[in-house]
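S.K.: Before I ask anything, let me first share the structure, which is written out below as C-alpha cells.
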C-alpha cells in the first residue's frame with residue numbers, strides 16, 4: 001500500500017477497488033447478511049467477534065501464525081518488526097499479509113500494520129488469568145497446555161501487573177537497577193523496555209541465582225502460567241522482585257510477554273510452518289483410475305436402487321426420537337451385503353438426495369419419495385451425478401452413526417444430530433488437496449497452497465495421475481485449516497471424505513476421476529456448484545452397455561455378465577436372490593425366491609417362459625423342477641378374512657401347523673378338519689405363515705386364489721434435507737458486483753459524495769414515464785450494468801404513481817435494488833409497481 005496510512009479500517013476499505021471489495025465479500029460471505037448500508041457499516045461488521053472468529057477459522061497455518069505474531073507485537077507494527085517475529089518465513093510473509101488484508105483482518109501500510117482489535121483480543125488475550133491452588137507445589141509447575149497453533153505467550157507486562165500497587169512497582173524498578181519514575185505507567189514502560197533490550201536483559205539475567213533461568217525456561221514456550229509454593233525459593237523471589245514473574249493469584253505466576261520474547265530469541269512461535277506439507281502419492285494410470293471410478297459409480301447407482309426397492313416393500317418405522325432402529329440398519333446391511341457403516345453411508349446419501357423420507361403418518365415410516373421414481377427412470381450416469389452432487393453439498397456425517405452426542409444419546413441413522421457445519425467445506429478441501437497432489441517423480445511446488453486449486457493433477461494425453469497418500473492429505477488439511485475443527489474430528493472427516501469419494505466413484509484407486517471434473521472444478525476454483533449434466537455426459541461412455549440376458553447354471557444360480565437392463569434386473573430381483581456382486585452378478589434361485597415371484601402374481605407358466613427367454617443357456621432341469629415343486633405347494637394353505645381364516649385341503653398340514661409352537665402367537669382355532677380361524681388380519685397371517693416356512697396364498701370371498709403383490713410404498717412429496725453449514729456459502733459473482741455497487745452508493749450518500757454528484761442528476765419533473773414491461777425491464781438492466789441513473793414511475797401503496805430517479809444496482813427475481821436519488825438511500829422496488837422508465841436527462 002502506498003501513500004499515507006489510513007486512519008481506520010473503513011478508510012482503507014474506501015481506498016480498495018471494486019474487485020478487492022468483491023474478494024472480501026467472497027471470502028467472508030457472512031458480511032453480506034444483511035447488506036451493509038455503507039463501507040463504515042461493512043468495517044464495523046468485519047470487526048464483530050462472530051465474524052472475526054469465522055474468518056480466523058478459515059486461515060491456513062502460516063497466515064494464522066502471522067496474525068498471532070501481529071497480536072503479540074506492538075500496534076502499529078512495521079513489516080520489518082513483524083518479520084523479526086517470524087524468522088524463516090520472510091519469503092511467504094508478503095502473501096500472508098496480503099491474505100489478512102484481503103479478509104479485512106489487517107489494515108494499514110507496511111510501516112504501520114494493524115490487526116483488527118477483535119482479532120488481537122482473540123489471539124492474545126490481554127487480561128488472561130489462571131487461578132491456581134495456594135498449596136505447595138513444584139517450583140513453577142506449568143499450567144494447562146496452550147491451544148494448538150497459539151504462541152503460548154502470556155499478557156504484556158502492563159496487563160499482567162495491572163493489579164500491583166504503585167509502591168510495589170517502584171520496588172521492581174529498584175531491584176532491576178532502574179531509576180524511579182513518577183507514575184506506575186512510566187515505571188512499567190521502563191521495565192518493559194528493559195525486557196525488550198537484548199543487551200540489558202542479558203546483563204540482568206547474568207546476575208540471576210542458580211535455578212532462576214531453569215524456572216523461566218519452563219514457561220518460555222508456554223503455557224506462560226505456573227504454580228509456585230506458599231514459600232517460594234530464593235531464585236523465585238529474585239524473579240518476582242524484578243518483574244520477570246508476576247503474581248496473578250495466590251500461588252500462580254505468569255511470565256510477561258516481553259521477557260518471554262527475549263528468552264525465545266525474538267520468535268513468536270517455537271515451530272514456524274510457512275510452507276504446506278508436500279502431498280505426493282503413487283502414480284496411477286488414468287484409464288485404470290477412470291475404470292475403477294466408473295465401476296464404483298455403477299455400483300453406487302445399483303445399491304441405491306436396491307435400497308429404494310427394499311424400503312418400498314419393508315417401510316421400516318421411524319423411532320420416537322427420530323431416526324432408524326439399529327435392527328433395521330442391520331437388516332439393511334444384510335440386504336445390501338455391506339458392512340453397517342457402509343449401509344449407513346448409502347442410507348444417508350439416499351436421504352440427502354431427497355429420494356427417501358418419513359411419510360408423516362401417525363405410525364410414521366420411511367419410504368421412497370415420488371422423486372425416487374423420477375430418479376429411477378433416468379440413465380445410470382444421471383443417477384450417479386445426482387448422488388454425487390448431493391454428497392458434495394450435504395453436511396450430514398454418516399460416520400457418526402452409533403456414536404453418542406454430548407448428552408450420551410446414541411446417534412441413529414437418519415436421525416437428528418448428524419449434521420456438522422464444516423463437513424461440506426472440509427470434504428471439498430480434501431478433494432482440492434487430492435486433485436492437486438504432486439506427481440511422485442516431479443518436483444514439488446507450493447503454488448497450489450498460495451493460489452488454491454490450479455487444475456487437475458496429471459496432464460492430458462495419458463500422463464499418470466496421482467493417488468494421494470491419505471496421511472499426506474490429512475497433514476495438508478491440518479495445515480490448511482488448523483482451527484476449523486478439533487484435530488480428532490478433522491482427521492475423522494478427512495478419512496471419511498476419502499473413503500466415501502472412493503465408494504461413490506468420485507475417485508478411482510485413490511486418484512480423481514476425469515468424469516468428475518465438471519462436477520468438482522467450478523467448486524474447487526470457488527466459482528459455485530459444478531455441472532452434474534456435464535459430469536453425467538462424461539461418465540456415460542465409460543459405463544458398460546446394459547445386457548439383456550443371464551446365464552442359467554445347473555446349481556440353481558444365474559450369472560449376469562454385466563449390468564442388466566432395468567426390466568430384467570427387476571424381474572431377476574423378484575425371482576432370485578443376489579448371491580454376489582462385482583464384474584458379474586450371481587443370482588441364486590431358492591424356494592423362498594420362487595415363492596416371492598408367485599406371491600407377486602407370476603404364474604408357473606410365466607416363470608418358465610421368463611427363464612427361457614432371459615437365458616442364453618438352456619434352462620437347467622433342477623431349476624424347472626424347483627419352480628414346479630414350489631408352484632404345486634403354493635396356495636395349498638389359504639388365508640381369508642375372519643379377522644383371518646385358514647382353509648386347507650390337506651388335514652395333515654393343518655394339524656402340523658397346530659402342533660408347531662411357533663404358531664402359538666397366531667391364536668388359531670379349528671372349526672373343521674380343513675378350516676381354522678385367527679384373530680390376526682389376513683396380511684399379517686400371510687407374513688407369519690411364510691416366516692414359518694409355509695407357502696400360503698390369499699383367496700377371495702368366492703374361494704379363488706388371489707395375489708396380493710406388495711404395493712411400492714411412497715411418501716407424499718418431500719424436499720431433500722437442506723444442508724446446515726455453519727456459515728453462508730460464497731455469493732455468486734453477479735450478486736457480489738451488485739452488492740459492491742450498493743455499498744458504494746450508500747457510502748457516497750453517507751459521506752456527502754452523492755450530493756456532490758447531484759448536480760448531474762436532474763430533479764424529478766414531469767409526468768411518470770409509461771413504457772411496456774419488457775422495455776422497462778431491459779432499460780433497468782442496461783442502467784444497472786452501466787451504473788447510470790434513470791427516471792421511473794412508481795405506484796405507491798396509495799395507488800398514485802409518482803416520479804423517482806434511481807441508479808439501479810441489481811435487477812432480478814422481480815425486484816430492483818437501486819440507490820434512490822429522491823430519498824437519498826438504497827431501496828428495493830417490485831417491478832410490477834414500476835409504470836415505466838426513461839433516461840434521467842430531460
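Laboratory data are not the source of any read-out in this text; all were calculated from the coordinates shown. The model shown is predicted, which means the values in this text are computed figures rather than measured ones. For neighbour counting, all protein chains shown are included, and Cβ atoms are generated from backbone atoms with ideal geometry for every residue, glycine included.
S.K.: If you rank 48, 220 by fewest surrounding Cβ atoms within 10 Å, what's the result?
M.R.: On the way: 48 14, 220 19.
Lowest count first: 48, 220.
S.K.: What does the extension gain come out to for residue 797 and residue 683, with contour length at 0.36 nm per residue minus their alpha carbon separation?
M.R.: Values: separation 114, 0.36 × 114 = 41.04 nm, distance 6.21 nm.
The residue 797-residue 683 span can extend by a further 34.8 nm.
S.K.: Where in the range 551-567 does the amide nitrogen come within less than 19 Å of the point 7 Å from the Cα of residue 579, taken along Cα to Cβ?
M.R.: Under cut-off, by backbone N: 551-564.
S.K.: Using the number of other C-beta atoms within 10 angstrom as an exposure proxy, rank 359, 599 with the fewest first. Write down the numbers at each step before the final one.
M.R.: Values: 359 18, 599 21.
Neighbour counts put them in this order, fewest first: 359, 599.
S.K.: Here's another thing I want to ask about it. Give me the three principal axis extents of the chain from the C-alpha atoms, as integers in angstrom, largest value leading.
M.R.: Extents along the principal axes: 117, 88, 59 Å.
S.K.: Where does the range 757-839 land on the Kirkwood hydrodynamic radius, alpha-carbon pairs, in angstrom? Mind showing how you got there, number by number?
M.R.: On the way: mean 1/r = 0.0804 Å⁻¹.
One decimal place: 12.4 Å for the Kirkwood radius.
S.K.: To continue, here is another question. Return the FRET efficiency for the residue pair residue 534, residue 361: r is the Cβ-Cβ distance, R0 is 45 Å, and the value is rounded to the nearest 0.05. Could you put the intermediate results ahead of the total?
M.R.: Working: r = 40 Å, r/R0 = 0.88.
So, using R0 = 45 Å, E works out to roughly 0.70.
S.K.: Then there is this: Which peptide among 533-543, 235-245 comes first, and what is the full order, when sorted by highest mean count of other Cβ atoms within 10 Å? Please report the intermediate quantities before stating the final value.
M.R.: Details: 533-543: 18.5, 235-245: 22.0.
So the peptides 533-543, 235-245, ranked by packing, come out 235-245, 533-543.
S.K.: Mean residue ellipticity at 222 nm from the helices of the chain, using -39,500 (n - 2.57) per DSSP H segment of n ≥ 4 over the full residue count, to the nearest 500 deg cm²/dmol?
M.R.: Values: 35 runs with 366 residues, N = 842.
My calculation for the chain gives -13000 deg cm²/dmol from helical runs alone.
S.K.: Please compute the contact order of the chain in relative form: average sequence separation of alpha-carbon pairs under 8 Å and at least six residues apart, divided by the residue count, as a percent. Walk me through the intermediate numbers first.
M.R.: Numbers: 1461 pairs, mean separation 98.4, N = 842.
It rounds to 12 percent for the chain.
S.K.: Order of 5, 613, 514, 797 from fewest to most other C-beta atoms within 10 Å? Please report the intermediate quantities before stating the final value.
M.R.: On the way: 5 16, 613 11, 514 21, 797 6.
Ordered from fewest to most neighbouring Cβ atoms within 10 Å, 5, 613, 514, 797 come out as 797, 613, 5, 514.
S.K.: Rounded to the nearest 10 degrees, what's the angle between the helix 184-196 long axis and the longest principal axis of the chain, both from Cα atoms, 0 to 90?
M.R.: Value to nearest ten degrees: 70.
S.K.: Assuming R0 = 45 Å, what is the FRET efficiency of residue 405 and residue 770, from their Cβ-Cβ distance, to the nearest 0.05?
M.R.: Numbers: r = 62 Å, r/R0 = 1.37.
With R0 = 45 Å, the Cβ-Cβ based efficiency is 0.15.
S.K.: On C-alpha positions alone, give me the angle between the axis of helix 423-435 and the longest principal axis of the chain, in degrees, nearest 10.
M.R.: Around 90 degrees separate the two axes.
S.K.: To the nearest 10 degrees, how steeply does helix 18-27 sit against the main Cα axis of the chain, on a 0 to 90 scale?
M.R.: Helix 18-27 sits at roughly 60 degrees to that axis.
S.K.: Could you give the nm distance between label points at residue 18 and residue 48, where each point is 7 Å from its Cα heading toward the beta carbon?
M.R.: 2.7
S.K.: Same structure, new question: Extension gain residue 786-residue 27, at 0.36 nm per residue separation less the Cα-Cα distance, in nm?
M.R.: Numbers: separation 759, 0.36 × 759 = 273.24 nm, distance 2.58 nm.
Gain on stretching residue 786 to residue 27: 270.7 nm.
S.K.: Here is a follow-up. May I ask you to compute the full-extension gain from residue 185 to residue 778, defined as 0.36 nm times their residue separation minus their alpha-carbon distance, rounded to one decimal in nm? Intermediate values should be presented prior to the final figure.
M.R.: Values: separation 593, 0.36 × 593 = 213.48 nm, distance 6.61 nm.
Using 0.36 nm per residue and subtracting the Cα-Cα distance, I get 206.9 nm.
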